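Notes to accompany the following structure.
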2 protein chains.
Amino acid sequence: MPQYTPPLRDMQFVLHELLDAEGSLKALPPHAEIDAQTINAVLEEGGKFASQVLFPLNQSGDREGCTLDKATHEVQAPAGFKQAYAQYVEGGWPSLSCDPAYGGQGLPVTLNQCLYEMMNSANQAWTMYPGLSHGAYEALHAHGSPELQQRYLPKLTSGEWTGTMCLTEPHCGTDLGLLRTKAEPQDDGSYRISGSKIFISAGEHDLAANIVHLVLARLPDAPAGSKGISLFVVPKFLPKDDGSLGERNPVFCTGLEHKMGIHGNATAQITLEGAKGWLVGQPHKGLAAMFVMMNAARLGVGNQSLGLTEVAYQNAVAYAKDRIQMRALSGPKAPDQPADPIIVHPDVRKMLLTARAFAEGGRAMAIYTALQLDTELASSDDAERQAAADEVALLTPIIKAFITDNAWLATSHCMQVFGGHGYIAEWGMEQYVRDARINMIYEGTNTIQSLDLLGRKVLADGGKKLKAFGKKVAQFVEDEGVSEEMQEFINPLADLGDKVTKLTTEIGMKAMRNPDEVGAAAVDYLRVAGHLVFAYFWARMAKVALEKQGSGDPFYTAKLHTARFYFAKLLPETAGLIRSCRAGLEPLMAMDEALF
Amino acid sequence: MPQYTPPLRDMQFVLHELLDAEGSLKALPPHAEIDAQTINAVLEEGGKFASQVLFPLNQSGDREGCTLDKATHEVQAPAGFKQAYAQYVEGGWPSLSCDPAYGGQGLPVTLNQCLYEMMNSANQAWTMYPGLSHGAYEALHAHGSPELQQRYLPKLTSGEWTGTMCLTEPHCGTDLGLLRTKAEPQDDGSYRISGSKIFISAGEHDLAANIVHLVLARLPDAPAGSKGISLFVVPKFLPKDDGSLGERNPVFCTGLEHKMGIHGNATAQITLEGAKGWLVGQPHKGLAAMFVMMNAARLGVGNQSLGLTEVAYQNAVAYAKDRIQMRALSGPKAPDQPADPIIVHPDVRKMLLTARAFAEGGRAMAIYTALQLDTELASSDDAERQAAADEVALLTPIIKAFITDNAWLATSHCMQVFGGHGYIAEWGMEQYVRDARINMIYEGTNTIQSLDLLGRKVLADGGKKLKAFGKKVAQFVEDEGVSEEMQEFINPLADLGDKVTKLTTEIGMKAMRNPDEVGAAAVDYLRVAGHLVFAYFWARMAKVALEKQGSGDPFYTAKLHTARFYFAKLLPETAGLIRSCRAGLEPLMAMDEALF
């Protein structure tokens, strides 16, 4: 019953009209040949795959879930998932932004970003299978030995094999320093790995012939804590030299979790019973290597929530136009019908516009970050690469936490538009809410993201990364400050920029006295910073829309109205957040633990 | 795995130390004999029933759900539900606050409020079975003919039979004026009722021998719209004159919804195939009669969310004290362990304290309102009854919407405290989130509550009800303004009171120009009003705690810290809400419907 139309027009607006993706990408040597037409053609095909192949499996996948055969340790994904994955591989999608050295198409990360947004809208649970693979690909690509790369990357690139990240153990998630899985060196240069992992997304399934687990474990001589963790590649089937599959490695799925959502993805308990593995990167440096996956995964999680926000919005709009119920308080708007469509009611519009502003703002921010990532990966200029890397580092926790918190609000609003029908599985809305909820938790909870932003990305380098972004904001404010029609966007943006600067300094001062002040401020701070980034992109989008609204294309009118809505109704949240943030640590810590 | 301890100490604090329930109730003729000991004894027993009988069935009920036998139209509730209901009836709980004329114990509504909070904490889905019954009891008690009362009230009072509210139809929920179910008068004074109802909570089950449906339908001569709706009692089995069960009435469960939560409660599609029913109250005045049930139900829904907030809080605290992960940023707090318990982290405390402040604030507000309801029902003074009724009318939409929105935030925070484990069914936390979500929808969505508050309860009578409540706030501010140690609570309370007055006037002015301004402001307005009520009760609780903290009972220390947390970290939300509210209608309506 739900529906999904790939938002190609808005993606094209962001890519071509807002960010000149073609220009930015052409300046990067590997992408010198890219053009807007190619970009559009790829996205159009990707949109078809998402909406026609993946979307019809979303509700059935949720209902059916995954099934573990305890005897064989094999997992069956929901009906149709395997076939859809075969189409995905056949279509060459796994290789889209992979390295041509291993069979990849070498297209920009930016394209993958857009493809994944659509696949997440269509089916988050399914999309996690290739999504996790891509993380494994990136870790091996960055840290694997040439031999490991030669053995695994072509298969991950083609999609013939998939990958996972095996980090969490029952007693440790956030605090990986506590992990206990052991790796003993063997005479042949491999390692014998034993331990128990939990919460392994896409951890076991029937979509691909082999599963390449990337596993964190400790070597026998490892120092305690997070500096004694190493990364290993542990395949389900040991590959032979010719690339064919050899014997089964004892890395078994021993249980599947019953979860709130993403039922179509197998969240596996994985037991390693002396499984054979190979070291990736340096001994005891596994956390650093793992963070290559993790950073990509965090952007990926933000993208999951962007996808859910978009699809929830589309369905809520369709319902709000169709469902008739009550008259507008200002008098009938559809006098020929027994009641007005509920989109006439201001609060229904508020819920819809909230989701819309979050989706479009999130898309602009995410595509912008993907372009920076392409620059980080492919620019020939060292300083440009570093600047891009800094900006990606700054924006990653914001994308992860701000977009996922927004999606929790937005999917819940969109569900609310349906009234009682929103609570019923049949309509599909409650699944979006359930699926969205995990995105605030995994790949580092949103609290961890906020500590990463405020502690590591902002305060640790004396605000350098934040200032660099602030300069872009200030330049835009300076450039557009002269425009009368831009005042309504520029003034609140400039004001919030000043407030963030001030707030950052205040917290920095307090944190020198007590580092826990960072923890007290971080979550509110991230949300304020998220609004600063959103305000910047919404003001930039408003500028383009103002310039082009004379064209007669109503797209620009809608963009402008949504921008105005954002500044009028959503940005004001920052007023309360800043106050709460300023109240500091004391109200949180005053109460003795025993009194809770 | 989850746990629940009835919060008897906090209930007793609110009843006896904050509100002098004994004194207020003794002043009411029917409750002249009540005393604190009786109140406490009843709550203690009620707490045992909730925690020992209902709570163990909560997770299993969620997993199992209800089963419909399509051939017989009979529904089986989850295992153990029927036996628990038998114990409930045997214990005399259904009759607690019912009229002694029909076998009730005649105890105050306030006691029922506390009992239901605990039952909702323990098992919302189960508690809806007796909860709906009580609504049916109240509608018949207020509007039924003496004959109908004699026939049905004793059985509903004893709990031998249960009741339902059959309002919604597939095409109408909020807008009951559109409903189509028909009632044709019969020669014997009964009516033949035909139509389809959906979303009927507790609509069919095996807990009780008979189910008394209260059904909205149209008489043949009914005017269109909401002024042509009548209320009927339609029993599943037609009672004989001796009270025994006669023939099966053709009112059938023809389907059960698959829902996000409250799986243990049967949400029935009910088909009436010429079922026999009797008119309750006057023809075409069914909506008014139904609103007796509805108002009680709205308080009941707020109470469901209060219960969920409390139980989610308790479990999150237990986990936060037990789970060790990472060190405090300010240095190890449990140096003998490999990591600190997560309750040392400021944001974990913020999430816990948010839930705690919402639970304790909600409890104070809900018990206060229940005492007003007792006064409305039983005072011998007309003016006092009217004043109490006005206050109940004002507070009802706030309790329904503010407490349920808060519970959505709080249960989600408490789930977040568990990290990935929060997303797993086994731990019980995600069920609280799923169950809490319906409370924002049913018995009038929270948008409808906000329109009821701002449009009907505040603006329609020129702010009379609001001013009466404001007087109590102003009196408290005046009385306590001289106390130095109360400044930190009194100042923000007084400030918010002024802001609400101003905001109300502003909206009132705008609404004269365009009534849709009410719809644009209402949701933000209700949340601001909710904070005013909370700030009032938190300030009052702080006063008691300040007076008694010398006693050495750490309960008062905790209360004071929680009050300070509320004012420092939660109340500031109003700053953003007021700004958003003031932005008015234009940003919501400017965009043409076609552009969504």
Check your understanding: Any residues in segment B:248-290 that have 40 Å² or more less accessible area with all protein chains than in their chain alone, probe 1.4 Å, and which are they?
Key -> B:HIS258, B:MET260
Point to revise | Furthest towards positive pole of dipole, A:TYR191, A:PRO341, A:GLY46, structure part chain A, Cβ charges | key: A:PRO341
Exercise for review: Project the alpha carbons of segment A:480-591 onto their principal axes and report the range along each, largest first, in whole Å.
Suggested key: 60, 26, 15
Review point. Under the classification rounded if a/c is under 1.5, otherwise prolate if a/b is larger than b/c and oblate if not, where does segment A:195-299 fall, given a ≥ b ≥ c as square roots of the Cα gyration tensor eigenvalues?
Key: oblate
**Study point:** Loop-located trypsin sites (Lys or Arg not before Pro) in segment B:321-356 whose Cβ has at most 16 other Cβ within 10 Å (DSSP)
**Key:** B:LYS333
Check your understanding: Lys/Arg Cβ at +1, Asp/Glu Cβ at -1, dipole of segment B:371-459 taken about the Cα centre: which of B:ALA410, B:GLN449, B:ALA389 is farthest positive-ward?
Key -> B:ALA410
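Report Rg/Rh for segment A:1-99, rounded to two decimals, where Rg is the Cα radius of gyration and Rh the Kirkwood radius. Show your work: numbers first, answer last.
Numbers: Rg = 17.9 Å, Rh = 16.2 Å.
Ratio value, two decimals: 1.11.
Keeping every protein chain present and rolling a 1.4 Å probe, give me the accessible area per residue for segment B:467-513 in Å². Working shown, then result.
Numbers: 2860 Å² over 47 residues.
With all protein chains present, segment B:467-513 gives 61 Å² per residue.
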**Study point:** Quarter of Cα convex hull surface for the protein assembly as shown, i.e. mean projection, nm²
**Key:** 45.5
Study note, to complete from the structure: Sparse-neighbourhood loop hits (trypsin sites (Lys or Arg not before Pro), segment B:107-192; DSSP loop; Cβ within 10 Å at most 14 others) -> B:ARG180
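Once you charge only the Cβ atoms, +1 for Lys and Arg and -1 for Asp and Glu, what is the size of the charge dipole of segment B:454-589 about its Cα centre, to the nearest 20 debye? Don't jump to the answer; show the numbers that get you there.
Values: 20 positive and 17 negative charges, 94 e Å.
So the dipole magnitude of segment B:454-589 works out to roughly 460 debye.
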Practice item. Using DSSP to define loop residues, name the trypsin sites (Lys or Arg not before Pro) in segment A:53-100 whose beta-carbon has at most 11 other beta-carbon atoms within 10 Å. Key: A:LYS70
Practice item. Note down the nm distance, to one decimal, between modelled labels 7 Å out along Cα→Cβ at B:ALA318 and at A:ASP206. Key: 3.9
Review point. What percent do you get for the relative contact order of chain A when only Cα pairs under 8 Å and 6+ apart count?
Key: 13
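Is there a simple number for the mean count of other chain Cβ atoms within 10 Å of the Cβ of residues in A:560-566, and what is it?
Averaged over the peptide's residues, the number is 4.
Sorted by packing (mean other beta-carbon atoms within 10 Å per residue), highest first, where do B:18-29, A:285-296 land?
On the way: B:18-29: 17.9, A:285-296: 20.7.
Averaged packing, sorted descending, gives the order A:285-296, B:18-29.
Round to a whole number: what % of the accessible area of segment A:450-596 belongs to carbon and sulfur, probe 1.4 Å? Each step should come with its number before you reach the end.
On the way: 3220 of 5920 Å².
Its accessible area is 54 percent carbon and sulfur atoms.
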Point to revise | Average accessible area per residue (Å²) across segment A:162-283 - probe 1.4 Å, nucleic acids and ligands excluded | key: 34
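Please average, across the residues of B:318-324, the number of beta carbons from any other chain that are within 10 Å of each residue's own beta carbon, and give a whole number.
Numbers: counts 1, 0, 2, 3, 0, 5, 4.
The per-residue average across the peptide is 2.
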Check your understanding: Can you work out the FRET efficiency for the pair A:PHE291 and B:SER60, with r the C-beta to C-beta distance and R0 = 51 Å, to the nearest 0.05?
Key -> 0.80
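Would you mind giving the total buried accessible surface between chains A and B, with a 1.4 Å probe and ligands, DNA and RNA left out, rounded to the nearest 100 Å²? List each step's numbers first, then the result.
Working: alone 24480 and 24520 Å², together 40890 Å².
Counting both chains, the buried surface is close to 8100 Å².
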Check your understanding: Shielding of A:417-427 by partners, i.e. mean partner chain Cβ atoms within 10 Å per residue?
Key -> 6
**Study point:** Listed residues B:PRO30, B:PRO100, B:ALA136: farthest to the positive end of the dipole of chain B (Cβ charges)
**Key:** B:ALA136
Study note, to complete from the structure: Pairs over 26 Å Cα to Cα, from A:LYS464/A:LYS502; B:LYS333/B:LYS569; A:LYS321/B:LYS465, come to A:LYS321/B:LYS465
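Might you report the magnitude of the Cβ-based charge dipole of the protein assembly as shown about its Cα centre, with Lys and Arg at +1 and Asp and Glu at -1, to the nearest 20 debye? It would help to have the intermediate numbers written out before the result.
Details: 106 positive and 138 negative charges, 91 e Å.
It works out to roughly 440 debye.
The values are calculated or read from the model by the stated rules, or taken from the named source; none is laboratory data. Just so you know, these numbers come straight off a predicted model, no measurement behind them. When we count neighbours, we look across all protein chains shown, and the Cβ atoms used for this are built from the backbone with ideal geometry, even at glycine. Heads up: the accessible areas ignore ligands, DNA and RNA and are worked out on the full protein's heavy atoms, side chains in. Shrake-Rupley method; radii C 1.70, N 1.55, O 1.52, S 1.80 Å.
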